[in-house]
Amino acid sequence: MSEQAIDHFREHFASLPLIAILRGITPDEVVAVGRGLFDVGFRVIEIPLNSPEPLESLARLAAELGRDATIGCGTVLTPGQVAAVAAAGGRIVVSPNADADVIKATVSAGLVSAPGVATPGEGFAAVAAGANLLKLFPAEQLPPRVIKSWRAVFPNTLPLVPVGGISPESLSGYLAAGADGFGLGSALYAAGRDPRETARRGEAFVEAWRSVRQTTRSG
């Protein structure tokens, strides 16, 4: 793992641990949408590979935001796709599953590894392969009480990030249970959504996050 890459990611994730998932984004839209989200506080953005021309979108957004954000791809299923993401300038690889070969290829390429897991067994196997955070997916089947149990057995330094069906209203329960951040999909962005509307939704998530964090600290 490139220490510079992981250090930048940690900095960006600490600034705002909300990962924007831009499924369906096109190259012509990505800079406006990505810049709008960056301006309201987002620092980690994922472009799923099942979007139109995802590597071109990745390259454009990475060039726009540079080292000020961690940009990468999701729905990465093979080591070959990991190589393509790295070549396009990506710095994080997100998957819906925990494929050890994909995780190892990601680490070898110097990128941040964020595999999807749904059981503790998958989670520990992913950690053994070198994962940097665990994407708890789908979050609809992993409610806060499950996250609380996971948090008791996984290292506190390992981020647990629920993804799937997350809304501003659901943040507090997961955070109280020990989640460290969230991946935000259609509640934030859907294909063709106006950049201003996406930024407005992003701002609502940021405000909800800050409100919950403030309440937690006050308590």
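The values are calculated or read from the model by the stated rules, or taken from the named source; none is laboratory data. What you are looking at is a predicted structure, and each value in this text was computed from that prediction instead of being measured. FYI the Cβ positions are ideal-geometry reconstructions off the backbone, even for glycines, and counts take in every protein chain you see.
What is the residue count in segment 177-212 for residues that are touching a helix residue (DSSP H, G or I) at 6+ places or on another chain (Cβ under 7 Å), closer than 25 Å to S149 by Cβ and modelled with pLDDT of 95 or more?
Result for segment 177-212: 8.
Can you go through A14, A105 and tell me which one is outside any loop (DSSP other than H, G, I, E, B), at pLDDT 95 or above, over 17 Å from the mean Cα position of the chain (by Cα) and among the aliphatic types (A, V, I, L, M)?
When all the criteria are applied, what remains is A105.
I need a count of the residues in segment 188-211 that are touching a Gly at 6+ places or on another chain (Cβ under 8 Å), of a type in the set (G, A, S) and closer than 28 Å to L158 by Cβ.
Here the count works out to 1.
Which residues, counting only those in segment 52-70, are within 16 Å of T198 (Cβ to Cβ) and either aromatic (F, W, Y) or under 16 Å from the mean Cα position of the chain (by Cα) (or both)?
Residues satisfying the conditions are L61, A69.
Out of the residues in segment 58-102 that are out of contact with any helix residue (DSSP H, G or I) (no Cβ under 8 Å at 6 or more places or on another chain) and under 16 Å from G34 (Cα atoms), state the one that is modelled with the lowest pLDDT.
Checked segment 58-102; the qualifying residue modelled with the lowest pLDDT is G66.
For segment 25-46, how many residues are of a type in the set (F, W, Y) and in contact (Cβ under 8 Å) with a residue 60 or more places away in the chain?
Of the residues in that region, 1 qualify.
For R91, indicate whether it is among the charged types (D, E, K, R) and over 16 Å from the mean Cα position of the chain (by Cα).
Considered against the rule, which asks whether it is among the charged types (D, E, K, R) and over 16 Å from the mean Cα position of the chain (by Cα), R91 comes out as no.
In the list I45, I19, I25, which residue meets the criterion of being surrounded by 24 or more Cβ atoms within 10 Å (Cβ to Cβ), assigned to a loop (DSSP other than H, G, I, E, B) and under 17 Å from the mean Cα position of the chain (by Cα)?
Only one candidate qualifies: I25.
Filtering segment 130-182 down to residues that are of a type in the set (S, T, N, Q) and not in a helix (DSSP H, G or I), which residue is farthest from A114 (Cα to Cα)?
Selected residue: S167.
If you check every pair at least six apart or on different chains, which have Cβ atoms under 8 Å apart with a residue in segment 148-169 that is over 22 Å from E203 (Cβ atoms) and modelled with pLDDT of 95 or more first and a residue that is aromatic (F, W, Y) and not in a helix (DSSP H, G or I) second?
As it stands, the answer is L160/F154, since those pairs meet every condition given.
For segment 183-219, enumerate the residues that are under 22 Å from G116 (Cβ atoms) and in contact (Cβ under 8 Å) with a residue 60 or more places away in the chain.
Scanning segment 183-219 gives G183, L184, G185, S186, L188, Y189, A190, A191, F205, W209.
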